[in-house]
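Read through the structure below, which is laid out as structure tokens, and then see the notes.
The values are calculated or read from the model by the stated rules, or taken from the named source; none is laboratory data. Bear in mind the structure is a predicted one, so any value in this text is a computation, not a measurement. Please note: Cβ atoms are built from the backbone with ideal geometry, for glycine as well, and neighbour counts cover all protein chains shown. Note: accessible area is taken over every heavy atom of the protein model, side chains too, but ligands, DNA and RNA are not part of it. Shrake-Rupley method; radii C 1.70, N 1.55, O 1.52, S 1.80 Å.
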Amino acid sequence: MTNNRIWLSLAHMGGQEQHYIQEAFDTNWVVPLGPNVDGFEKDLAEYLNENVHITALSAGTAALHLALVMLGVEAGDEVICQSFTFAASANPIVYQGATPVFVDSEADTWNMSPEFLARALAERSALGKKPKAIIPVHLYGMPAKMDEILEIASRFDISVVEDAAEALGSLYKGRKCGTFGKYAALSFNGNKIITTSGGGALVSHTEADHQQAKKLATQARDNAPWYQHSQIGYNYRMSNICAGIGRGQMLVLEEHIHRRREIHALYRNTLGRIEGLEIYTSPYPELESNYWLSCLTIDPATGLTPESLRLALEKENIETRPLWKPMHLQPVFAECPFYGDGTSDRLFATGLCLPSGSSLSDEDIHRVIDAVCALCK
Ligand SMILES: *Cc1c(COP(=O)(O)O)cnc(C)c1O
């Protein structure tokens, strides 16, 4: 038996990517615009459906940032954000000089608790504050409870920015994640379900928003023969080379999702049957996760901790990763308001992400399963 390193989630090329890159070279479109950017945007819009507009950008973080800029988030504002997430969900709030107000997760979906969201908004409102946006996250690909979140958001007249960075292809009540909010962010970083090496996209619903996002992402140049600017802009556009990778990846996106779901099922049917272990699984049929990462939670009664498991698997040359450390526990966000009951604290203390990349073989997954089983004896 080999002992090759098993990684958490690696880039997985489909084979057609280099064709699109070659085309870009052959036609000298080696710039942050061009046929691949247009093609990738069109492919994504068709995939997501719902008449969305896609603006391809240099990162998912850039997409979140532009969404906040377009919502007019400014210094002194507040923005509600799911606490249980990667820091990239919250950092753009601070880029704008605004304050994140963190909301805890609920135990069933691991995503923004509608109950604590309503409580946070009621209390902010009593303090005379009106947050400018709400950022729910579809963490690890699991859809958040969008109906409830959108209902509360509309009751308080606040826009929703979906962080769908981990959830391309996930479905909420049959509709693709990333199509519910006024804006949504997608990510094509190296470890996501598809990659452009690095990249992201802003999802919007009007041509005007798409044009505005494109303008802001290319230094906000006005329509004049000279370089004239009436707004602060950014250099956030995706390159035509990266978009070429994206077009190739779109051809294998469904296969990647299928494989991640198979890997999740493999873990669930083995490790999920062990007393004290649980494989995080969709709690309701209407939440169809892409299972970007399969996650395990461990009952402390087993005597195992995520860290002991992680170190033991590391010895077997298997990479795992603690769950995201909630933002309200991060030193950099220690002063920010938080509404919750410790659900995400508990998840962080008991959970671990398992190798889930679509390029992993059944043999690889069984090596992980065997290594975990050996520790549970
Ligand atoms: C990856 C990720 C992002 C950021 O995307 P980048 O493309 O890396 O900038 C944002 N939010 C979440 C939840 C992510 O996992």
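The phi torsions of region 50-57, fed into the Karplus equation with coefficients 6.51, -1.76 and 1.60 and a -60° offset, translate into couplings of 6, 6, 6, 10, 10, 10, 6, 10 Hz, rounded to whole numbers, with Gly and Pro shown as x. When nucleic acids and ligands are ignored and a 1.4 Å probe is applied, residue 151 ends up with an accessible area of around 90 Å².
A cut-off of 5 Å between modelled amide H atoms, ignoring neighbours fewer than 5 places along the same chain, links residue 59 with 200. Here the 3J(HN,Hα) profile of region 16-26, calculated from phi with Karplus coefficients 6.51, -1.76 and 1.60 at θ = phi - 60°, is 8, 4, 5, 4, 5, 5, 4, 4, 4, 5, 4 Hz, Gly and Pro shown as x. Computed from Cα atoms alone, the Kirkwood hydrodynamic radius reported for region 1-131 is 18.5 Å.
Taking the Cα centre of region 1-81 as origin and assigning +1 to Lys and Arg Cβ atoms and -1 to Asp and Glu Cβ atoms, the resulting dipole is close to 380 debye.
Under 5 Å from the amide H of residue 170 lie the amide H atoms of 177, 290, each residue being 5 or more positions distant or on a separate chain, with H modelled from the backbone and absent for Pro and chain starts. A dipole drawn for the chain from +1 and -1 charges on Cβ atoms has a positive end, and of 167, 322, 66 the residue lying farthest that way is 66.
Taking 24 Å as the cut-off for C-alpha to C-alpha distance, list the pairs among 192/215; 42/182; 315/377; 42/145; 130/215; 129/182 that go past it.
192/215; 42/145; 130/215
Across region 157-170, rounded Karplus estimates of 3J(HN,Hα) from the backbone phi angles (6.51 cos²θ - 1.76 cosθ + 1.60, θ = phi - 60°) give 6, 10, 6, 9, 10, 7, 8, 9, 4, 9, 10, 4, x, 6 Hz, Gly and Pro being marked x. Annotation: amide H-H contacts under 5 Å for residue 133 (H modelled 1.01 Å from N, sequence separation of 5 or more, or interchain): 80.
Calculate log10 I(q)/I(0) of region 162-224 for q = 0.12, 0.25 Å⁻¹, where I(q) comes from the Debye formula with a single equal point scatterer on each Cα and nothing for solvent. Log10 I(q)/I(0), no solvent term: -0.36, -1.05. Counting heavy atoms of the protein chains alone, residue 366 has an accessible area of about 70 Å² for a 1.4 Å probe.
Helical runs assigned H by DSSP (4 residues or longer) give the chain a calculated mean residue ellipticity at 222 nm of -11000 deg cm²/dmol, each run adding -39500 (n - 2.57) before division by the residue total. Using a cutoff of 8 angstrom between alpha carbon atoms and counting only pairs six or more residues apart, the relative contact order for the chain works out to 25 percent. For residue 85, the solvent-accessible surface with a 1.4 Å probe is about 0 Å², rounded to the nearest 10.
The convex hull defined by the C-alpha atoms of the chain has an orientation-averaged projected area of 19.6 nm².
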